[in-house]
Amino acid sequence: MDEKERYALGMAKRRKVLGAAWVDKAKANMTPFNEEFQDFITRGAWGEVWTRPHYDDRTRRVLVIGTMIALGHWDEFVLHVRAALVEGGFSQDDIKEIILQQAIYCGVPAANHAFKEAAAIIEAIAKEK
């Protein structure tokens, strides 16, 4: 597979997981400064890793959300929780269970903040409907 094919596969997966609106926004915000990074994550994260056959998208979403809690990367946590709820068929209970699991391994303060962020996402999604 060449890099153009990997990019196309990555872009298709990225759109499926995050939603077309989010990806279109990211593309619209590309600049000469960040365009190489956007290309890199589309080919690497989305075209190389997310397209591997071993885990399904649901499992990968759980792993990513849990990892974002562990690392305290709240912008990415918000992005992936929203995408899981809107694009991925996750329920509020699914998100709650991921956070509870992470509370044991990442600590109560991280889980407390995750619940706060997730609640805001759930509220925002409800207002959009």
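The values are calculated or read from the model by the stated rules, or taken from the named source; none is laboratory data. Just so we're clear, the structure is a prediction, and the values are computed from it rather than from any experiment. We place every Cβ from the backbone using ideal geometry, glycine too, and count neighbours over all the protein chains shown.
Of the numbered conditions (1) among the acidic types (Asp, Glu); (2) touching a helix residue (DSSP H, G or I) at 6+ places or on another chain (Cβ under 8 Å); (3) within 22 Å of Arg6 (Cβ to Cβ), Asp94 satisfies every one except a single condition; which is it?
(3)
Return the residue satisfying two criteria in turn: it lies in segment 1-60 and is β-branched (Val, Ile, Thr) and in contact (Cβ under 8 Å) with a residue 40 or more places away in the chain, and of such residues it is farthest from Gly88 (Cα to Cα).
Top of the filtered list is Thr51.
For segment 1-107, give me every one of the helices (runs of 4 or more DSSP H) that falls completely inside it and has 2 or more residues that are surrounded by 11 or more Cβ atoms within 10 Å (Cβ to Cβ) and in the same structural domain as Glu128 (by TED's automatic domain parsing).
Hits in segment 1-107: 57-71, 74-86, 92-106.
For segment 38-61, indicate whether the set of residues that are hydrophobic (A, V, I, L, M, F, W, C) and over 30 Å from Lys96 (Cβ atoms) is non-empty.
For segment 38-61, residues hydrophobic (A, V, I, L, M, F, W, C) and over 30 Å from Lys96 (Cβ atoms): present.
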